[in-house]
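*Asks:* Would you mind keeping the following structure in view while I ask a few things?
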Amino acid sequence: MGSTIYCHVIYHEAGETMVIQVNAELMNKRSAEALVEWLGSFGRTGKGGVTRLLYTKSWKEAQQALKNLMEENGLPAYYDCIGNLFGRLQGTETPGRTILTGSHIDTVIEGGKYDGAYGIIASFIAVLRLAEKYGPPKKSIEVVSLCEEEGSRFPLTFWGSRNITGSYDLDCVKDVKDSDGMSFMEAMKEAGFNPQDYSPPIRNDIDSFVEIHIEQGMTLERNGKQLGVVSHISGQRRYTVLIKGESNHAGTTPMPYRKDALTTAARFITFLTEQAGETDPHLVATVGRLTVRPNVSNVIAGEVEFTLDIRHHQEPVIDSFCHTIFKELKQLSVNMNTEAFVSLWMDAKPVKMDSGIGQLAMELSLEKSILCQKMISGAGHDSQIFGQKYPACLLFVPSQGGISHSPEEFTKSNDLEAGIDLLTDVLHKLAY
Ligand SMILES: [Zn+2]
């Protein structure tokens with residue numbers, strides 16, 4: 001494939017003096033804990049969290065610092081035209097085939113230092129260890145720091161991976177703005193990636209994608225495991241449900257004559273919650289936001305609107321659950337003299353991770369006596385985007401207390417190391 005697949009961008013500093021902190025001592029130590037801490041210093045907030053949103057100053061500084069780190073450690077690094085950063089270890093036999101490994105550099109607002117960042121650091125350390133121990137691989141390996149996954153600044157997610165797989169292009173962001181009204185294109189340009197230079201950074205040379213990430217749940221910790229091999233990433237369906245009744249006087253309207261939208265909503269939410277618990281252990285259903293109108297203490301609720309988030313790794317299970325609950329909603333509405341309107345606004349299909357690489361990871365962890373289990377990811381990850389186009393593997397390390405997207409995010413040092421250990425072996429099998 002050579003250089004034709006890359007879309008090089010010169011990094012502009014937009015008149016700012018970039019302060020790149022490269023701590024040689026940390027680099028030499030190459031401990032995951034130290035490097036995660038170092039990367040977390042870019043965008044650190046007063047509350048001890050990390051806010052590193054796409055194309056902001058802290059985002060630029062973090063990407064540039066990683067680029068320097070890669071280059072100082074013998075991995076030539078380059079950006080594609082949207083700001084995904086790659087550090088390349090060139091293969092000797094089939095250099096045009098690439099094993100891509102990494103995660104995302106952006107965070108949520110006031111997030112933690114491990115989400116995304118650990119995956120980049122782990123991949124970086126794994127590749128350096130491989131190069132030191134075995135020399136250059138047969139296939140090329142690239143460490144990727146994906147520019148965006150969370151959707152925290154602009155209302156779109158997976159900008160980095162969706163450009164690489166070709167499911168997004170510049171057209172998708174032409175009307176997109178952040179909460180300050182800044183357009184996506186303007187932010188992109190300010191960060192040094194001029195939309196005028198855009199040409200789809202699609203990669204057709206990728207053999208497989210391997211990502212390691214914190215679990216963001218409690219399964220591993222509860223089961224006393226150090227590592228999770230993800231078999232599926234759950235599909236997600238999101239709905240808005242609107243129930244219309246009639247606002248009326250709370251004191252003068254007898255119970256049989258009411259059209260109480262809130263009671264219908266309450267009964268429906270109770271039903272779907274119980275139904276979710278009975279359907280399948282992996283099925284989750286959440287009503288996370290509810291608006292009552294007029295929301296006054298002495299007025300019967302005339303309208304209730306709420307969100308509904310449903311996840312499972314098998315689409316027929318989601319289909320059947322939705323059929324059951326919406327049938328019940330219809331019946332409830334009739335019984336309660338109210339009307340219900342349901343609108344679907346997100347339907348992300350479940351994605352299966354590559355079973356061959358997953359099996360390999362399970363076997364390698366057994367050899368290394370790393371306590372490991374297969375699991376399903378209820379959270380979305382870049383692996384689900386890559387997994388639709390290339391064989392993909394997603395590995396998890398434990399999250400203490402299941403906490404993520406918070407300054408309290410924490411993973412023990414030996415778990416971070418176990419993850420890197422296994423990732424190194426998986427990459428070795430894939431590329432050497
Ligand atoms: Zn993440």
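*Asks:* Specify the angular offset, from 0 to 90 degrees and rounded to the nearest 10, of the alpha carbon long axis of helix 315-335 from the longest principal axis of the alpha carbons in the chain.
*Replies:* Helix 315-335 sits at roughly 20 degrees to that axis.
*Asks:* With a sphere of radius 13 Å drawn around the Cβ of Thr264, what net charge do the other residues whose Cβ falls strictly inside it have (Lys, Arg +1; Asp, Glu -1)?
*Replies:* -1
*Asks:* For the range 236-348, report the accessible area per residue in Å² (1.4 Å probe, heavy atoms, rounded to an integer).
*Replies:* 56 Å²
*Asks:* Mean-square fluctuation check for the chain, GNM, Cα pairs under 10 Å: which of Gly217, Gly74, Gly251 is largest?
*Replies:* Top of the fluctuation ranking is Gly251.
*Asks:* Against the longest principal axis of the chain, how steep is helix 117-134, in degrees 0 to 90 to the nearest 10, with axes from Cα atoms?
*Replies:* Result, in degrees: 30.
*Asks:* Output the relative contact order of the range 289-366, whole-number percent, from Cα pairs under 8 angstrom with separation of 6+ residues.
*Replies:* 20 percent
*Asks:* While we're here: Please build a GNM for the chain, connecting alpha carbons under 10 Å apart, and tell me which residue among Pro398, Pro155, Pro136 fluctuates the most.
*Replies:* It is Pro155.
*Asks:* Rounded to the nearest 20 Debye, what is the dipole magnitude of the range 317-432 about its Cα centre when Lys and Arg each give +1 and Asp and Glu each give -1 at the C-beta?
*Replies:* The dipole of the range 317-432 has a size of about 360 debye.
*Asks:* So for the pair Glu363, Lys133, with labels modelled 7 Å out along Cα→Cβ, what separation do we get in nm?
*Replies:* Result for the modelled spin labels: 1.7 nm.
*Asks:* OK, next. Beyond 23 Å, what percent of the Cα pairs of the range 320-431 remain?
*Replies:* Beyond 23 Å sits 51 percent of the P(r) for the range 320-431.
*Asks:* With a 1.4 Å probe and all protein chains kept in place, how much accessible area does Val176 have, in Å² rounded to the nearest 10?
*Replies:* For Val176, the solvent-accessible surface is approximately 20 Å².
*Asks:* If we sort 199-205, 379-385 on the protection proxy, mean other Cβ atoms within 10 Å, highest first, what's the order?
*Replies:* Final packing ranking: 379-385, 199-205.
*Asks:* Rounding to the nearest 20 debye, state how big the charge dipole of the chain is about its Cα centre with +1 on each Lys and Arg Cβ and -1 on each Asp and Glu Cβ.
*Replies:* Approximately 500 debye in magnitude.
*Asks:* Kindly express, to the nearest 10 degrees and within the range 0 to 90, the angle between helix 261-279's C-alpha long axis and the longest C-alpha principal axis of the chain.
*Replies:* 50 degrees
*Asks:* May I pose another question? What are the extents of the Cα atoms of the range 236-348 along their three principal axes, in Å, largest first?
*Replies:* That works out to 49, 21, 19 Å along the principal axes.
*Asks:* Which one of Ile403, Gly96, Gly160 is farthest out on the positive end of the charge dipole of the chain, using unit charges on Cβ (Lys, Arg +1; Asp, Glu -1) and the Cα centre as origin?
*Replies:* Ile403
*Asks:* Still on this structure: Taking the Cβ-Cβ separation of Thr307 and Lys374 as r and a Förster radius of 30 Å, what is the calculated FRET efficiency to the nearest 0.05?
*Replies:* With a Förster radius of 30 Å, E is 0.45.
*Asks:* Could you order Glu315, Glu339 so the one with the most accessible surface comes first? Probe is 1.4 Å.
*Replies:* The most accessible residue leads, giving Glu339, Glu315.
*Asks:* Would you mind working out the magnitude of the charge dipole of the range 236-348 relative to its Cα centre, with +1 at each Lys and Arg C-beta and -1 at each Asp and Glu C-beta, to the nearest 20 Debye?
*Replies:* That gives a dipole near 320 debye.
*Asks:* Let me ask something additional. Leaving out ligands, DNA and RNA but keeping every protein chain, what accessible area does Ser183 have, in Å² rounded to the nearest 10, with a 1.4 Å probe?
*Replies:* Probe radius 1.4 Å; accessible area of Ser183 about 40 Å².
*Asks:* Turning to a different aspect of this structure: Could you calculate the FRET efficiency of Arg293 with Ser199 from 1/(1 + (r/R0)^6), where r is the beta carbon distance between them and R0 is 60 Å, rounded to 0.05?
*Replies:* Rounded to the nearest 0.05, the efficiency is 0.80.
*Asks:* In addition: How big is the antiparallel share of DSSP beta bridges in the chain, given as a percent to the nearest 5?
*Replies:* Roughly 65 percent of the beta bridges in the chain run antiparallel, per DSSP.
*Asks:* For the range 244-284, compute Rh as the Kirkwood radius over C-alpha pairs and then the Stokes-Einstein diffusion coefficient at 4 °C and 1.567 mPa s; write the answer in µm²/s, rounded to an integer.
*Replies:* 107 µm²/s
*Asks:* Rounded to the nearest 0.05, what FRET efficiency is calculated for Ser41 and Thr270 with R0 set to 41 Å and r the Cβ-Cβ distance?
*Replies:* According to the calculation, E is roughly 0.30.
*Asks:* For the pairs Lys139/Lys225; Lys67/Lys133; Lys139/Lys368, flag any whose C-alpha to C-alpha distance is greater than 29 Å.
*Replies:* Beyond 29 Å between Cα atoms: Lys139/Lys225.
*Asks:* Still on this model: What number results when the radius of gyration of the chain, computed over Cα atoms, is divided by 2.2 N^0.38 Å?
*Replies:* 1.09
*Asks:* What does the extension gain come out to for Glu408 and Asn223, with contour length at 0.36 nm per residue minus their alpha carbon separation?
*Replies:* Result for the pair: 64.5 nm of gain on full extension.
*Asks:* Determine the distance separating the Cα centre of the range 99-115 from the Cα centre of the range 141-156; give it in Å without decimals.
*Replies:* 8 Å
*Asks:* Please report the carbon-and-sulfur percent of the accessible area for the chain; probe 1.4 Å, protein heavy atoms only, DNA, RNA and ligands left out.
*Replies:* Of all accessible area on the chain, carbon and sulfur atoms account for 49 percent.
*Asks:* Residue farthest toward the positive end of the dipole of the chain, with Cβ of Lys/Arg at +1 and Asp/Glu at -1: which of Leu170, Val284, Thr264?
*Replies:* Highest projection toward the positive end goes to Thr264.
*Asks:* Heavy-atom accessible area of His282 with all protein chains present, probe 1.4 Å, nearest 10 Å²?
*Replies:* Result for His282: roughly 90 Å² accessible.
*Asks:* Which order do Ile109, Ile141 take by accessible area at a 1.4 Å probe, largest first?
*Replies:* Ile109, Ile141
*Asks:* Still on this structure, I have one more. Expressed in nm to one decimal, what extension gain is obtained for the pair Val334 and Glu246 from 0.36 nm per residue of sequence separation less their Cα-Cα distance?
*Replies:* That pair, Val334 and Glu246, stretches by 30.3 nm at full extension.
The values are calculated or read from the model by the stated rules, or taken from the named source; none is laboratory data. Only a predicted model underlies this, so the values are computations on that prediction, with no experimental measurement involved. Note: ideal-geometry Cβ built from the backbone for every residue, glycine included; neighbour counts use all protein chains shown. Ligands, DNA and RNA are stripped out before the accessible areas are found, and what is left, the full protein with its side chains, is counted by its heavy atoms. Shrake-Rupley method; radii C 1.70, N 1.55, O 1.52, S 1.80 Å.
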